[in-house]
1. Under a straight-distance cross-link criterion of Cα-Cα below 30 Å, which lysines are reachable from Lys82, leaving out those fewer than 8 residues away in the same chain?
2. Leaving ligands, DNA and RNA out of it, rank Tyr46, Tyr436 by accessible area with a 1.4 Å probe, largest first.
3. Separation between the Thr47 and Glu89 pseudo-spin-labels, each 7 Å from Cα along Cα→Cβ, expressed in nm?
4. Step through the residues of segment 77-89 one at a time and calculate ³J(HN,Hα) from phi using the Karplus curve (6.51 cos²θ - 1.76 cosθ + 1.60, θ = phi - 60°), rounding each to whole Hz and writing x for Gly and Pro.
5. Report relative contact order for segment 1-90 in percent, whole number only (criteria: Cα-Cα under 8 Å, sequence separation at least 6).
6. If packing is taken as the average number of other Cβ atoms within 10 Å across a peptide's residues, how do 205-211, 177-183 rank, most packed first?
7. What does the charge count near Ala226 come to, summing +1 for each Lys or Arg and -1 for each Asp or Glu among other residues with Cβ under 12 Å from its Cβ?
8. What shape does segment 98-197 have by the C-alpha gyration tensor, where a ≥ b ≥ c are the square roots of the eigenvalues, rounded means a/c under 1.5, and otherwise prolate means a/b greater than b/c and oblate the rest?
Amino acid sequence: PGGANTRHPHQITAILSSSGDRMLYATGCKDGNVRIMDGKSHELKYTLEGHSNAVTSLSWINGADDESAPWLVTGSWDGTAKIWSITSEAYACLGTLSGHENTVSVAGLPAAESNGVRRVVTVSAGVAEGNAIRGHTVRIWNLTPSPDGSMVKSEIVNQVANDHSGPMRDVVYDADTGMIYTCSNDGTVKIRSPMDGKCISTLAYPGGDRPMFLSLCLVGDWKTKAVVAGAEDGNVVVWDVSSNGTNRDPQVIAHPGCVWRVAPLHNSQSTSEFITACNDGHLRIFTRHASKMASASVLDTFSKSVTEAMASRSTGPSPEEIAKLPQWEMNSLTQGRSEGQVQVFQRNGKAIAAQWSATSRTWIEVGEVTGQNTNAGTLNGKRYDHVLPIEIDTTGGGVAKLQIGYNNGENPFVVAQAFIDEHMLDQGYLAEIADYIRQRAGESGPTLGGGGGGGGGGASSYAAPSSSVP
């Protein structure tokens, strides 16, 4: 979109379309600002300043009647949510919801019947306690405007902590089902009461190793309702939660890379269509309607991109990679760091995985490595099981692109602390970096024997994609 002053100085981390018939949309940015944009010209109307870190979650909070202008609620990495008035007369912050544990996601709830009180749910990512992330909390707030409407009094009416086993990444409210939905790094979606936030049921990733769920949405009306979650392993999971879908298995739609965002289309209540944002730089629309399916060439391109991505994760290591590994015959010179640590050696041109036995002080052969660890690499002259990219915001709005090395069997918190010390980073990054290492590296060693998959079907399954936009 063109026009003066429409460009963002940093990454756009959230976007929200207008509520009702107002032609505007809001964007959240890593610079901590929220920008209100004209929906037709895409020109900047106003900048909301107040957050001290990236704004990553946006939602509308409606009043009890159609005459009340909706408020905007914003969630940020700074551990707060803010309530904003967005009218032609005034753009102003009405209040701040503080006390969250790191990153905050938000969703507006239905207002009270007639007393002017509005409601919102916030969820947090948690903080480090020892070697675990704890404190991730669901909070339901009452928001009472002052008589002149210039400020909001906030009150926590209910809260639920630690019922996910990892940080919460997204929250939505669905008016048809009247429920709150949260997703987490633990690979589950929890369905919650809108009154007290307590979990009513749980939807789990259909597999043994659960990836992080990064985003979720709901599509369809009450007859066709589905929950959609995007995962960091490149899969999108669709659960049929309609009255007819109780006994149906979830559908898994593989993508070429990490799925950062899933969102319903504007008319998704009637069509059940949604869009995905993938790490390969493509947006893809998915539909249940055969008449809206993409052309054969688009479907073939999508299928090939998924197949190629899976192949890159399941093929064996190259001769060049094997040649860089330590010799098996010299394994006695390499001491393990902890019980069960996995190390890969080379023997007769093959990659051999072994585990360290602290009792016998020897390496015990596990088997040949036939799957490729795409995270493996060399950093500062040292070989690591995982070399992971990390981006850190810097003074002046820039981004420092760093890398962290991690070996299987190490304590993620110890590695994260050493990384923070080396680069003189804020101590507040510890829990986030440690959890990132744990999720990317997993709890196991290299892939033995290959694998991969993901699929789904059924009469009401999604055909993908109906379109694809790079």
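The values are calculated or read from the model by the stated rules, or taken from the named source; none is laboratory data. All of these numbers come straight from a predicted model, not from anything done at the bench. In this analysis, Cβ positions are derived from the backbone assuming ideal geometry, glycine residues included, and neighbour counts consider all displayed protein chains. Side chains are part of the model used for accessible areas, which takes the heavy atoms of the whole protein and leaves out ligands, DNA and RNA. Shrake-Rupley method; radii C 1.70, N 1.55, O 1.52, S 1.80 Å.
1. The qualifying lysines are Lys30, Lys40, Lys45, Lys153, Lys190, Lys198, Lys401.
2. Reading off the accessible areas and sorting them downward yields Tyr46, Tyr436.
3. Between Thr47 and Glu89, the simple spin-label model gives 2.7 nm.
4. Going residue by residue, I get 5, 7, x, 10, 10, 10, 9, 10, 8, 10, 10, 5, 7 Hz, with x marking Gly and Pro.
5. Reported as a whole number, the value is 21 percent.
6. Descending packing order for the listed peptides: 177-183, 205-211.
7. Overall, the nearby charge balance is -1.
8. It is oblate, given that a/c is not under 1.5 and a/b is not larger than b/c.
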